[in-house]
1. Of everything in the stretch 126-166 that's more than 17 Å from the chain's Cα centre (by Cα) and surrounded by 22 or more Cβ atoms within 10 Å (Cβ to Cβ), which residue is modelled with the lowest pLDDT?
2. Whether any residue in the stretch 66-79 is closer than 19 Å to S218 by Cα, at pLDDT 80 or above and charged (D, E, K, R) is what I want to check.
Amino acid sequence: MTGVPLLIVVAGLAVGSLYGLFGVGSAVATPVLALLGVPGMAAVVGPLPALLPGSAAGAWTYARGGKVDWRIARLTLAGAVPAAVAGALASRVVGAPALLVLSGFVLLATGLRVLRPGAVAAPWAAGLRASTPFVVSAAVAVGFAAGLLANGGGFLLVPLFLLVLGLDLNEAAGTSLVVAVAVSAPTVLTHVLLLGDLDLGLAAVFGLGLVPGVVVGSRLAQRLPTARLRLAFGVFLVTFALWFLARQLTG
């Protein structure tokens, strides 16, 4: 395997490592594939099938370490799964160019929020975490965005769990990976059965790197200081988002 396919495997390994470390990587996958020359909706949808085994591998690692909040995971799935199908159907209307730019802005906003001095869980986080209607309602919004952008939703789930519901970074990452397994499945089926825009060959090559990357990242995350992980998470998102947006908006 040479050339672009090898680069896609390497990209999958890098994205998988980020996914395992931070619970966020699926939203990075689309910009990375676009930069490698993968066109339009293929870049948006292509990483999605690899998220299923990748998310499952990472979720298993975090669950074994006791870093999954199962109540939050169940409530999030109740709202996010049906909303993800609606978002996937809406992706055809929005179109690939707009989705690529939207991916960049979402990454930038997320990174800035995490890096903001004093950015800690909201003082009312415990109350919100205990509120079933709030968690389910927030999950609906996240699920729709995940379906629209064809990813597991970690780019929104981790900040939601970390800053709004007050989980620590490892719990936020682990819980988001559990949710991503269930959110990705109906989104994949929607693109395969109803939209017909999924490149399974691209997905398979990308998955060769992503799945082992998630396992490595998940194990590494539980051995590194949480504060440093959070700083690295924010710096990476802001830097990558600015670079990607500059290419998309001026290219």
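The values are calculated or read from the model by the stated rules, or taken from the named source; none is laboratory data. The shown structure was predicted, so the numbers you read here are calculated from the model rather than taken from an experiment. A quick note on method: Cβ atoms are made from the backbone with ideal geometry, for glycine too, and the neighbour counts reach across all protein chains shown.
1. Of everything passing the filter in the stretch 126-166, L165 is modelled with the lowest pLDDT.
2. yes
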